[in-house]
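Worksheet for the structure shown next.
Taken together, the values in this text are just the output of simple stated rules run on the coordinates, not laboratory data. Predicted model only: the values in this text are computed from it and were never measured. Backbone-built Cβ (ideal geometry, glycine too); neighbour counts: all protein chains shown.
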Amino acid sequence: MASRSWTEIDLDAYALNLSELRAFLHSNQALMQIVKADAYGHGAWEISRRAEQEGVAWLGVANAEEGAVLRYRGIELPILVLSPSLIDEIGLLRDYNLVPTLSDLDFARAWSSACGDNPGVAHVNLDTGMGRSGVAPENAHDFLNILHELPGLVVDGVFSHYSASECDDDFSRQQLARFERLVRSLPQRPRWVHIANSPAAVTQPDHLTNLVRLGLLSYGIYPDDSLRQRINLRPVMTFKTTVSMVRRVSRGASIGYNRTYTATRDHSYAILPVGYADGYDFLLSGKGVVLLHDRLCPVLGKVSMDMTTIGLDDDMSVKPGDEATVLGAGHEELRAEKLAARYGGNPYELLCQLGRRARRYYRQDGRVVASTPLARREFHAPDFSDDGLDRVIEASISQRLQSKEIAALLYDKLLKYFFADHDRDIHYRRDFRHTLTFSDDPSQPDHWLTRTKLEFHKRLQAGRFVVACATNPAMLERYFTRRDCEYRWLLDDKLTLDSRWFEVTGVQVNDLELDIESRLVNGCIEIGCSHPSMESLVGEEVSFRIDTRTYYPRRSHQLSVFITEPTQGVDVSFHCPPESISQVQVVPVFAGRTRFPHIKSTPGCHTVSTDPDEWVLPNSGIVFTY
């Protein structure tokens, strides 16, 4: 851990705390792990992943953006957005399968309307004494009745929130009684009922609810000292740094801004490279302590933006690079509760802000199993503009390959081709099967009668597409950059551009037989393919089939097939009369990991194929030489 400062997250301690808290629950009560504010500074994704492994049923976040980041990284547990959502966030809620909290009818109606035919699941917040968001008890029944009339809206849960469960048992009991009366009076009880936060799980057990929301206690922090007598927890977070400099101060000299510390004797002191910009609160100036060489060293003077000064005992031998612990490490005075109490703060704030510029390491079974970057947030593509994403992609390739030159080559020659030239509208083909068959036509001794059948799956981009044919490569090249062109054929320049020499004999999308309209455009045959029902399929993956009849010159002695789009799974077959073409050499030129596909040759049939999940990149092709 060669860093100026870093945070260690003990996942085993987190699991132990869950086990301790479960001892206070009834058998029918499930857990919701609160991971808002980046899991109180512990790392929302890693905590969510471990919570899932520990059998937690739900996750709780503060807003739709926090939930979307977890979904982006693959978390599948149900996620409840606890704070009131904005109407502008409905798209995020729907797209990332998040459950909003309802306490406002305007938002509830907008949520119902946005969800359409898909049920709009939500929980309802009832205010029993917190006094923030939530439906007032006297309005609860009318509010719920209106919700039940909204089309497609499913009230899956109802909850409230204790305001002082860690320190005021009497008021908490009043809140529970109000909540119990409301829930028992409902004509239909939702699937999930919850009021308890983690202190209430210990101090206010109940038989009404079946879900408990765990926050600060699950991270090993006591929001009130009285809880220490009821449950034994281990802090999950430790924050460490390294000594950057050791100096001496003379009696009467001052240290730091505004000369708030003046030495009463000659002594040594150490400078730590952390300050309030790292989340070490400014109010710890002259009040905080840091563990160094197993001794608690006082903070001297004001905490600066980037540095903190600590006093050293005369017998201490300290040098730059020595490890110092700012929070945690199992020391009582370095618990978040103790440090926050020194300046009248609260542990929630301290945990959320500490280590803003520090790499975070996760420990499990005594070893580091994961880490997160200095910025304290995992990569989330929607955060970036297109230009920003371009820079991230190029920098990531460079870091992975340890070569700026190769990274620039890949980016400029491949990725920029898609992102810039193709205007970021990227689609791919799947199950690409192309069959080309030569046969004799006595009326055309200089040409092979050629029938082709092309089949593939692809997302339909429009209600119409074209097939193009030209006798001039330059003319046909225009169609390689058109997204609406699904098939191209280069005709022998000895032939004329008409249906005698090139004909589309059939086109299908799924089970639809498409209408075909042919016209001559700028030296090319352009065949439009459409159907009235295709518009309803736009955006969906569909199957394509395109059949053609044409002629190919016998003098050529080679037939080329090109792959112009990213393609997953390729099968290209060339059929020819074995009595006329006895020997065929197959030369695949594939870009991508599958440079050497499967080749199978039998008399009259020659096939090139890949495994169904293998990718073939554009500018690939196959040459059949005969």
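Values computed for the structure shown
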quantity	calculated
Residue within region 593-616 that is in contact with a Leu (Cβ under 8 Å, 6 or more places away or on another chain) and over 24 Å from Thr450 (Cβ atoms) present	no
Qualifying residue in region 503-511 (condition: assigned to a strand (DSSP E or B), more than 46 Å from the chain's Cα centre (by Cα), under 26 Å from Ile581 (Cα atoms) and not small (Gly, Ala, Ser))	yes
Only listed residue being touching a Phe, Trp or Tyr at 6+ places or on another chain (Cβ under 7 Å) and hydrophobic (A, V, I, L, M, F, W, C), chosen from Leu186, Leu216, Leu227, Leu182	Leu216
Flag for Tyr280 being of a type in the set (Ser, Thr, Tyr), touching a strand residue (DSSP E or B) at 6+ places or on another chain (Cβ under 9 Å) and in a loop (DSSP other than H, G, I, E, B)	yes
Test: residue in region 229-240 that is in contact with an Asp or Glu (Cβ under 6 Å, 6 or more places away or on another chain), closer than 21 Å to Gly355 by Cα and among the hydrophobic types (A, V, I, L, M, F, W, C)	yes
Matching residues, region 472-484, being over 16 Å from Asn619 (Cα atoms) and not charged (D, E, K, R)	Asn472, Ala474, Met475
Members of region 54-92 found to be of a type in the set (A, V, I, L, M, F, W, C), more than 12 Å from Ile34 (Cα to Cα) and over 17 Å from the mean Cα position of the chain (by Cα), listed by number	Leu86, Ile87, Ile90
Residue match in region 231-241 (condition: basic (Lys, Arg) and surrounded by fewer than 21 Cβ atoms within 10 Å (Cβ to Cβ))	yes
Candidate set: region 356-367, residues that are within 23 Å of the chain's Cα centre (by Cα) and of a type outside the set (Phe, Trp, Tyr); chosen: the one farthest from Pro273 (Cα to Cα)	Arg363
Test set (1) surrounded by 12 or more Cβ atoms within 10 Å (Cβ to Cβ); (2) in contact with a helix residue (DSSP H, G or I) (Cβ under 7 Å, 6 or more places away or on another chain); (3) more than 21 Å from Cys297 (Cα to Cα) - Asp225 fails condition number	(2)
Candidate set from region 470-486 (those that are more than 42 Å from the chain's Cα centre (by Cα) and of a type in the set (A, V, I, L, M, F, W, C)); member that is surrounded by the fewest Cβ atoms within 10 Å (Cβ to Cβ)	Ala474
Checking Lys458 against (1) more than 30 Å from Ser385 (Cβ to Cβ); (2) touching an Asp or Glu at 6+ places or on another chain (Cβ under 9 Å), the condition it does not meet	(1)
Leading residue by the ranking (farthest from the chain's Cα centre (by Cα)) among those in region 487-497 that are in a loop (DSSP other than H, G, I, E, B) and under 18 Å from Arg451 (Cβ atoms)	Leu495
Which listed residue, of Ser560, Ser543, Ser556, Ser530, is among the small types (Gly, Ala, Ser), buried (at least 17 other Cβ atoms within 10 Å of the Cβ) and under 27 Å from Thr481 (Cβ atoms)	Ser530
Test: residue in region 180-190 that is under 35 Å from the mean Cα position of the chain (by Cα) and either closer than 27 Å to Ala341 by Cβ or of a type outside the set (Ser, Thr, Tyr) (or both)	yes
Members of region 458-513 found to be among the acidic types (Asp, Glu) and under 26 Å from Asp431 (Cα atoms), listed by number	Glu477, Asp484, Glu486, Glu503, Asp511, Glu513
Sole exception among (1) small (Gly, Ala, Ser); (2) part of a loop (DSSP other than H, G, I, E, B); (3) at negative phi for Ala340, by number	(2)
Unmet criterion (only one of (1) acidic (Asp, Glu); (2) in contact with a Leu (Cβ under 9 Å, 6 or more places away or on another chain); (3) free of Cβ contacts under 8 Å to residues at least 24 places away in the same chain) for Asp266	(2)
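Matching residues to (1) of a type in the set (D, E, K, R); (2) closer than 30 Å to Leu80 by Cβ:
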residue: Ala196; (1), (2): no, yes
residue: Ala201; (1), (2): no, yes
residue: Leu216; (1), (2): no, yes
residue: Leu227; (1), (2): no, yes
residue: Arg247; (1), (2): yes, no
residue: Tyr269; (1), (2): no, no
